[in-house]
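The values are calculated or read from the model by the stated rules, or taken from the named source; none is laboratory data. Here the structure is a predicted model, which means the values were calculated and not measured. In this analysis, Cβ positions are derived from the backbone assuming ideal geometry, glycine residues included, and neighbour counts consider all displayed protein chains. All accessible areas refer to the heavy atoms of the entire protein, side chains included, with ligands and DNA or RNA removed. Shrake-Rupley method; radii C 1.70, N 1.55, O 1.52, S 1.80 Å.
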Amino acid sequence: MDPHHLRTFVAVARLASFSEAARELGYTQSAVSQHIAALESDLGLPLLGRRPVTPTPAGARLLEHAGSLLLRLDAARADLARFAAGPRERLTLAASPLALHPRTLAALPAAGVTLRTLPRDEVPAAVATGTADLGLVDGLAAPSDPLRLPDVAPLTAVRVAEEPLAVVLPDSHPLAGRDGLRLADLVDARWLDAPDAGLPLDRLRSAHAGPSGHGFRTALRHEGTDSRTLGALAAAGHGLTLLPVSLARTIEGAVAVPLLAPRLVHRTELLRPRGEPSGPAAEFARLLPA
């Protein structure tokens with residue numbers, strides 16, 4: 001299976017157009033058609049309907065594999081390119097929003113840094129494919145347990161921080177005076193769904209040992225990476241959210257009530273390619289709190 005043909009197939013399926021895929025990839029439309037025909041011939045199956053351009057059942061199944069296959073190829077290329085690369089003079093750091101807190105920001109070099117804030121699921125891929133030198137990623141975990149990260153490539157993950165979690169409530173909320181809360185107390189509450197700025201609701205559902213898919217209804221969806229906006233939405237009564245306690249306590253007009261059960265922490269990890277970092281990446285890793 002030629003990876004160039006597979007990449008063309010993914011583009012055509014995503015754009016639902018041979019001509020648009022040709023424009024995006026910098027090919028002629030004839031070349032795109034030849035790539036698709038060659039891939040279909042190689043696999044012995046039709047992969048795309050032509051009018052309209054939609055994946056066949058076999059094409060839809062191939063799409064389930066294509067993303068991870070192409071990502072692995074890009075990661076392998078980037079991994080081998082590091083053997084020939086000299087020391088880096090700049091640091092490109094990819095980070096999920098909640099991984100950027102004062103302790104990690106204080107370790108950044110004074111100059112020569114590009115900081116890219118990404119959804120947490122995209123941080124491992126950025127490091128694996130070489131578009132970032134290092135990554136900072138966060139998530140929910142049991143105390144001292146590693147994060148469950150997508151298997152995009154062999155990466156080294158090092159714990160940077162763990163801290164308790166708090167439920168963010170408006171200061172007028174009936175539960176605002178509690179000393180602590182359990183997720184079981186909040187299953188029927190209305191929640192903010194902010195997969196990039198906060199902690200995804202599906203992780204709360206899986207952490208709560210109730211029926212699959214039960215509870216944690218979405219009151220408002222926040223599509224952005226600004227965690228402060230998420231906190232302000234909770235303070236204004238648009239829904240509850242769960243945040244690291246250090247951030248939750250800084251939100252004006254809100255109360256941060258510690259999460260008592262289940263026993264979960266907010267964990268931040270540093271991601272790096274295999275081997276020891278050098279230059280600004282090594283200095284940043286050295287200065288991060290253990």
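Structure notes:
- Test: residue in region 254-267 that is under 21 Å from the mean Cα position of the chain (by Cα), β-branched (Val, Ile, Thr), closer than 30 Å to Val113 by Cβ and open to solvent by less than 30 Å² (accessible area, probe 1.4 Å): yes
- Some residue of region 35-44 being within 30 Å of Asp121 (Cα to Cα) and in contact with a Pro (Cβ under 6 Å, 6 or more places away or on another chain): no
- Meets criteria (open to solvent by 20 Å² or more (accessible area, probe 1.4 Å) and either outside any loop (DSSP other than H, G, I, E, B) or hydroxyl-bearing (Ser, Thr, Tyr) (or both)) for Leu242: no
- Those helices (runs of 4 or more DSSP H) of region 1-63 in which 3 or more residues are among the polar types (S, T, N, Q) occupy 29-43.
- Exclusive hit being more than 22 Å from Pro150 (Cα to Cα), of a type in the set (Phe, Trp, Tyr), open to solvent by less than 20 Å² (accessible area, probe 1.4 Å) and at pLDDT 95 or above, set Phe9, Phe18: Phe9
- The one condition in (1) within 22 Å of Asp121 (Cβ to Cβ); (2) open to solvent by 40 Å² or more (accessible area, probe 1.4 Å); (3) of a type in the set (A, V, I, L, M) that Ala197 fails to fulfil: (2)
- Cβ-Cβ under 7 Å pairs, at least 6 apart or on other chains, region 238-264 side basic (Lys, Arg), far side part of a strand (DSSP E or B) and open to solvent by less than 40 Å² (accessible area, probe 1.4 Å): Arg249/Ala256
- Filtered residue count, region 21-34, keeping only those that are open to solvent by less than 50 Å² (accessible area, probe 1.4 Å) and either in contact with a Pro (Cβ under 6 Å, 6 or more places away or on another chain) or under 17 Å from Ala66 (Cβ atoms) (or both): 2
- Residues satisfying the criterion are absent from region 155-170 (criterion: out of contact with any strand residue (DSSP E or B) (no Cβ under 6 Å at 6 or more places or on another chain), modelled with pLDDT of 90 or more and under 18 Å from Ala75 (Cβ atoms)).
- Number of residues in region 72-93 that are within 25 Å of Pro150 (Cβ to Cβ) and either in a loop (DSSP other than H, G, I, E, B) or touching a Pro at 6+ places or on another chain (Cβ under 9 Å) (or both) equals 8.
- Out of Ala142, Ala207, Ala184, sole residue that is surrounded by 15 or more Cβ atoms within 10 Å (Cβ to Cβ) and of a type outside the set (Ser, Thr, Tyr): Ala207
- Here Leu199, Leu175, Leu230 are screened, and the one residue that is free of Cβ contacts under 8 Å to residues at least 60 places away in the same chain and of a type in the set (A, V, I, L, M) is Leu230.
- Taking residues in region 140-160 that are free of Cβ contacts under 8 Å to residues at least 40 places away in the same chain, and partners anywhere that are not small (Gly, Ala, Ser), the pairs with Cβ atoms closer than 7 Å and at least 6 places apart or on different chains are Pro150/Asp121; Pro150/Pro124.
- Restricted to region 79-136, and to residues there that are surrounded by 23 or more Cβ atoms within 10 Å (Cβ to Cβ) and in contact with a Gly (Cβ under 6 Å, 6 or more places away or on another chain), the residue that is farthest from Leu247 (Cα to Cα) is Val127.
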